[in-house]
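Below is one structure, written out as structure tokens, with a few remarks after it.
Readers should treat all values here as calculations from the given coordinates under stated rules, not as data from a laboratory. This is a predicted model, so every value here is computed, not measured. Backbone-built Cβ (ideal geometry, glycine too); neighbour counts: all protein chains shown.
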Amino acid sequence: MINSNKFSDKKILLIDKEEKNKNDRTWCFWEKDAGCFESIVYKSWHGLHFISDHSDIALDISPYKYKMIRGIDFYDYCFNRIQTQSNITILHGEVSYLAENNFRPSLNGNMLNIQNAIVFNSIYIPSSSQKTSFHFKQHFKGWIIETDEPIFDPGNATLMDFRVDQSLGTTFVYVLPFSSNKALVEYTLFNKILMSSDEYDVQLKLYIERFLGSPRFKILEEEMGMIPMTSETFAGFKNGMFNIGTAGGQTKASTGYTFKFIQKQADSIVRQMLADQHPAKKNPTPKRFLFYDNTLLHILSEEQLPGKKIFEHLFRRNKASSVFKFLDNESSLSEELRIINSLPKKIFIQAGAKEFVRLFF
Ligand SMILES: Cc1cc2nc3c(=O)[nH]c(=O)nc-3n(C[C@H](O)[C@H](O)[C@H](O)COP(=O)(O)OP(=O)(O)OC[C@H]3O[C@@H](n4cnc5c(N)ncnc54)[C@H](O)[C@@H]3O)c2cc1C
């Protein structure tokens, strides 16, 4: 909205319970060109590896680059921009809603009197009414480690390494090197049960010993988090609020990637507001991509095929750039058919048929 320069006559109130002054997350995503946050990209990689039991595939990701933005750089950048705008006020406090179907928000226990305002909500409350949906959690813990010896190739990152135990569900590690002796190593699972912090630590240590050559290292930083992966239907507009970000369904259910989808949603909302349209009218995600995501969750939920095998098929049999385009919801129908054709057909057709009926009828 600031970039468009068209909202300077509007009063904008931004409420958050946190000050967002900690490096609480790192965002990774692939992108072809310079994006609107290019100036704060902390590191980018031209090469990625996909590793499984018997293979290490060097993915040719051109024309994409895999980029990383640190949470703290993002917050600093945004708040610095916001501070130059006299029409924007920031308030810190906890917002709550009296009832799901009754939009009466309060701030720190006091009713908020909101009139003649457009309200955007990014508080995600999982739906309790959609019992038939699949609800997975992508949960992870990562360490930024510094090793005594140079063991990393800073030009190449590991997108997914599936050589780890799969008994708790789809489990992989990614390794994002910042230099020859510094990297983020993150242990990730797709399942329904979170682990304790210590349990991730055991697995991270084991991975570093077994697959990174047991280097001497120290932990510089830690990150831990959870991203919902769900087939639940998200309302763009509900209870007088426009839902944005994860709360507005912008987390890709099959991968957990969200960052780029949020930028696309924000762009779409601003364009619609500038055209005097209802900001929720046009969802930037075509519905068939929800169908693909739900089909994958269905297969994982019924344990018809392990996630490891599905991602192996995807990256072994397709160009990485085609997979990225598909996972960005930007592919054409013919490109999607080629990708679907590379996957175990019987299982995908059976699961797809059920999800098709559920989503479209
Ligand atoms: C650790 C971590 C790493 C991630 N890494 C990636 C990644 O690499 N790539 C990717 O694409 N996606 C990633 N994601 C997923 C997704 O991009 C992020 O979760 C992203 O921050 C979602 O943005 P959002 O605006 O929807 O929600 P948030 O960023 O969570 O923003 C919601 C805001 O609402 C505030 N809030 C919540 N409840 C209240 C309340 N009751 N009252 C007032 N304020 C409230 C919070 O403080 C927060 O600032 C990651 C998520 C996590 C948790």
How big is the Kirkwood radius of the chain, worked out from every pair of different alpha carbons and given in Å to one decimal? 22.2
Rounded to whole Hz and in sequence order, give me ³J(HN,Hα) for region 46-61 from the Karplus expression 6.51 cos²θ - 1.76 cosθ + 1.60, θ = phi - 60°, writing x for Gly and Pro. 8, x, 10, 10, 10, 10, 9, 3, 10, 8, 10, 9, 7, 7, 8, 9
Whole angstrom only: what separates the Cα centroid of region 182-226 from the Cα centroid of region 269-292? 38
Zone of residue 201 (label point 7 Å along Cα→Cβ, backbone N under 20 Å): which residues in region 222-255? 222-226
Rounded to the nearest 500, what is the chain's calculated 222 nm mean residue ellipticity when only DSSP H runs of at least 4 contribute -39500 (n - 2.57) each, over all residues? -9000 deg cm²/dmol
List every residue whose amide H lies under 5 Å from the amide H of residue 222, counting only residues 5 or more places away in sequence or on a different chain, with H placed 1.01 Å from N in the peptide plane. 144
Please compute the net charge surrounding residue 159, taking Lys and Arg as +1 and Asp and Glu as -1 over other residues with Cβ under 12 Å from its Cβ. -3
Tell me, what is a quarter of the convex hull surface for the C-alpha atoms of region 42-181, in nm² with one decimal? 14.8
Distance in nm between label sites at residue 211 and residue 334, each 7 Å beyond Cα in the beta-carbon direction? 3.7
Scalar couplings 3J(HN,Hα) for region 139-154 by Karplus 6.51 cos²θ - 1.76 cosθ + 1.60 (θ = phi - 60°), nearest whole Hz, x for Gly and Pro, are 10, 7, 9, x, 10, 8, 10, 10, 9, 5, 9, x, 10, 9, 9, x
Name the long-range amide H neighbours of residue 119: under 5 Å, sequence gap of 5 or more, or other chain; modelled H, no Pro or chain starts. 242
Sequence-separation-based contact order of region 135-229, relative, with Cα cut under 8 Å and 6+ spacing, percent: 45
State to the nearest 20 debye the size of the charge dipole of the chain about its Cα centre, where the only charges are +1 on K and R beta carbons and -1 on D and E beta carbons. 1220
Under the 0.36 nm per residue contour assumption, what length would be gained going from the current alpha-carbon distance of residue 303 and residue 222 to full extension? 26.0 nm
In region 40-131, which trypsin sites (Lys or Arg not before Pro) fall in coil by DSSP and have 10 or fewer other Cβ atoms within 10 Å? 131
Estimated inter-spin distance, residue 53 and residue 24, nm [label 7 Å along Cα→Cβ]: 4.0
Place a point 7 Å from Cα of residue 146 in the direction of its Cβ. Which residues in region 196-235 have their backbone N less than 16 Å from it? 216-222
Summing +1 per Lys or Arg and -1 per Asp or Glu among the other residues with Cβ less than 13 Å from residue 330's Cβ gives +2
Compute the label zone of residue 87 within region 3-25: residues whose backbone N is under 13 Å from the point 7 Å along Cα-to-Cβ. 3-13
Local charge sum around residue 20 (other residues, Cβ-Cβ under 12 Å, Lys/Arg +1, Asp/Glu -1)? -3
Expressed in nm to one decimal, what extension gain is obtained for the pair residue 235 and residue 2 from 0.36 nm per residue of sequence separation less their Cα-Cα distance? 81.3 nm
So who's got an amide H within less than 5 Å of the one on residue 26, skipping anything under 5 residues away but keeping other chains? H placed 1.01 Å off N, in plane. 71
Relative contact order for the chain using alpha-carbon pairs under 8 Å, separation at least 6, rounded to a whole percent? 16
Separation of region 159-174 and region 1-50 by C-alpha centroid, Å? 28
